[in-house]
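Notes for the one structure printed next.
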Amino acid sequence: MGRPRLIILIRHAQSEGNQNKAIHQTIPDHRVKLTQFGHEQARAAGHRLKDILLPSDTLQIYTSPYRRTRETTANIVESLGDDWKEKTTVYEEPRIREQVWKLPRMLGISRENMAGKSCLWSLLLPNP
């Protein structure tokens, strides 16, 4: 495979968590879904992407396993239409999920205090 012609980054569309921060008290972060407006945003992103792509392009989409990102991806792919289905590959990649820094921070542990002290936290904390 040669160099890609384009690399485009798209963040997930509006989620229930963007609209209401309190939702995280009752729904785990990975299960937060898109709002109706978020679905519309994702479809609009797909239409815009379709305008940018050339007929000779192929499309590789990397998404996290979080519900809101999978829903964003599904809406984008759907809005691209049938012509792009065979030229699109979707990869679910857990390493691009939400950062796992929330737990140590909730426990009052700073990134500086964790440096080199725990193999587990070293694996969980992204490198600055």
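The values are calculated or read from the model by the stated rules, or taken from the named source; none is laboratory data. This one's a predicted model, so the numbers in the text were calculated from it and none came from an experiment. Every residue, glycine as well, gets a Cβ built from its backbone with ideal geometry; the counts of neighbours run over all protein chains shown.
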Filtering the range 46-75 down to residues that are more than 20 Å from Gly17 (Cα to Cα) and touching a helix residue (DSSP H, G or I) at 6+ places or on another chain (Cβ under 6 Å) yields Gly46, His47, Lys50, Ile61
Go through (1) at pLDDT below 95; (2) of a type in the set (A, V, I, L, M, F, W, C); (3) surrounded by 14 or more Cβ atoms within 10 Å (Cβ to Cβ) and name the single condition Ala74 misses.
-> (1)
Restricting to the range 18-38, what's the tally of residues that are surrounded by 18 or more Cβ atoms within 10 Å (Cβ to Cβ) and assigned to a helix (DSSP H, G or I)?
-> 1
Counted residues, the range 57-71 - those being in contact with a Lys or Arg (Cβ under 9 Å, 6 or more places away or on another chain) and either closer than 18 Å to Leu6 by Cβ or part of a loop (DSSP other than H, G, I, E, B) (or both) = 7
